[in-house]
Amino acid sequence: MKKILISTFCLVLFTSFNNTFAQTKNAGPIIEEFGKVFRVENPDVKVDIEKEFKVVFDVTGSSEDMGELNLSIETAARFLNMHAQAGVPKDQLKVALVVHSKAGKDLLNNAAYQSRYKVDNPNLYLVKTLLDANVQVILCGQSAASRGFERTELIPGVQISLSAMTALIQLNGEGYTILKL
């Protein structure tokens, strides 16, 4: 009986400790529906809120579950929200996605996605929201051609490049840092 009481006490103490120090993730202020992040108080490496942050996310992976959100695409929302929460003005955040390989399907409009995969595109609203926040979304033309994706089948606002390599090189030349996802 004593062991049970001690075990119960330790479990209650551990649960209370975890709940006391647990943090919650918050979305916004740029993308309210996606991109929840933790607030980090007093980091050792300070965010330079005077700096212009230019990043291009190189997105190739996608879920095998056709009804599941592509978390690599959501990274753009997390990046925007995280830096805005840290005090970086929205106009100093320049974000692009270069999408290719298996992830290309995630940029299809709903009709094209349903026709191919028999479910709604779970990324449709996320991609539209990112485009509305001035995120540049670029599909590799080589990936599109190899998978038979027509321009008319893409979410409006998605751009096509000659290739992912071309888009990445050009954005890098414009000062964007490439992050491979």
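The values are calculated or read from the model by the stated rules, or taken from the named source; none is laboratory data. Just so we're clear, the structure is a prediction, and the values are computed from it rather than from any experiment. Counting neighbours? That spans all protein chains shown, and the Cβs are built from the backbone with ideal geometry, glycine included. We work out accessible area using only protein heavy atoms, side chains counted, and drop any ligands, DNA or RNA first. Shrake-Rupley method; radii C 1.70, N 1.55, O 1.52, S 1.80 Å.
Among the numbered conditions (1) over 30 Å from residue 91 (Cβ atoms); (2) at pLDDT below 95, the only one that residue 65 does not meet is (2). The single condition from (1) without any contact (Cβ under 8 Å) to a residue 40 or more places away in the chain; (2) under 20 Å from residue 163 (Cβ atoms); (3) of a type in the set (A, V, I, L, M, F, W, C) that residue 45 fails is (2). Of the helices (runs of 4 or more DSSP H) that lie entirely inside the stretch 53-172, those containing 2 or more residues that are open to solvent by 10 Å² or more (accessible area, probe 1.4 Å) and under 23 Å from residue 36 (Cβ atoms) span 71-85, 124-132.
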